[in-house]
Structure formats: C-alpha cells, structure tokens
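Here the structure comes first, spelled out in structure tokens, and everything after it is commentary.
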Amino acid sequence: MVLTNRIAVALVSVAVLAGCATAGTRKPEEAVRERAQARWDALLKGDVKTAYGYFSPGSRAVMDEKSYEASLRKGFWKSAKVESVTCSAQRCEVGETIEYEFQGRRTRSPLSETWIEEDGNWWLVRK
C-alpha cells in the first residue's frame, strides 16, 4: 500500500511538472518577435555587442563582431518595429518597418529577416 501511494505521488508529480513545462512553452512566433525587437532596440541604442549576439552561430562564424560593427552606420536608424512573424518548422520570416534618415528626411521602409531555431533558441541569419 505504501509503495502504491509513493508511485501515485510520483506519477502526479511528473504530470504536474510536465504541465508546468508545457504552460511555460511559448510559440515560436512569440519568441522570435521578442528577440527580433530586442535586437533592433539594441541597435537603436548603439549596443552593437548585444545586437551581434542575436546572429546565428553560422553567421557569427563568417563575420566577427568588429566586421559587423564596421558595416553599420551609427545613428542611421531612428526606429524599428516588428510587424509580423510567420514560422514553419525551424524557420521564421520576420516583417519589420524601419525608420531612418536619408538626405535629411525621415523615411520608413519594410524589411524582411530570416530567423532559425538552433540548439533551443532563435537566431538571426545574416544574408
């Protein structure tokens, strides 16, 4: 009887923990939307190191942080907003609107990014 109760308690504990794990799992679209916006927020603040950290391991393998920083025009972007995220399997396409200054005028443009899931996290792919 004691063994049966222990087994029952163990099974209930496993079920509760599994439920908690499932409840904490977010949809890929939510995770990617958050990461994509966080990367843009870092760029807008001039935090190149943080923004670079969102690139996929493969992207970072072919482009070091100094090269990435050299490719940026600091202060160019004025705002950025993630508008849409569409995911399939381990890939998401992110649609954004960026605002920048060009020839003294503020301009808005659509932008598309690709994010991939690798090692349990979502990463931006450098094109």
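Odds and ends about this structure:
- Whichever residue in the stretch 43-72 is within 19 Å of residue 111 (Cβ to Cβ) and touching a residue at least 60 places away in the same chain (Cβ under 8 Å) and, among such residues, is surrounded by the most Cβ atoms within 10 Å (Cβ to Cβ): 54
- Boolean, residue 100 is surrounded by 14 or more Cβ atoms within 10 Å (Cβ to Cβ), touching a helix residue (DSSP H, G or I) at 6+ places or on another chain (Cβ under 6 Å) and hydroxyl-bearing (Ser, Thr, Tyr): no
- Flag for residue 126 being open to solvent by 50 Å² or more (accessible area, probe 1.4 Å), more than 18 Å from residue 31 (Cβ to Cβ) and touching a Ser or Thr at 6+ places or on another chain (Cβ under 6 Å): yes
- For beta carbons closer than 7 Å, sequence separation of 6+ or different chains, a first residue in the stretch 73-84 that is within 16 Å of residue 96 (Cα to Cα) and a second that is open to solvent by 90 Å² or more (accessible area, probe 1.4 Å), the qualifying pairs are 78/106; 82/33.
- Taken over the stretch 31-86, the criterion of being hydroxyl-bearing (Ser, Thr, Tyr) and outside any helix (DSSP H, G or I) is satisfied by 54, 56, 79, 84, 86.
The values are calculated or read from the model by the stated rules, or taken from the named source; none is laboratory data. Remember, predicted model here, so these are calculated numbers, not experimental data. For neighbour counting, all protein chains shown are included, and Cβ atoms are generated from backbone atoms with ideal geometry for every residue, glycine included. Heads up: the accessible areas ignore ligands, DNA and RNA and are worked out on the full protein's heavy atoms, side chains in. Shrake-Rupley method; radii C 1.70, N 1.55, O 1.52, S 1.80 Å.
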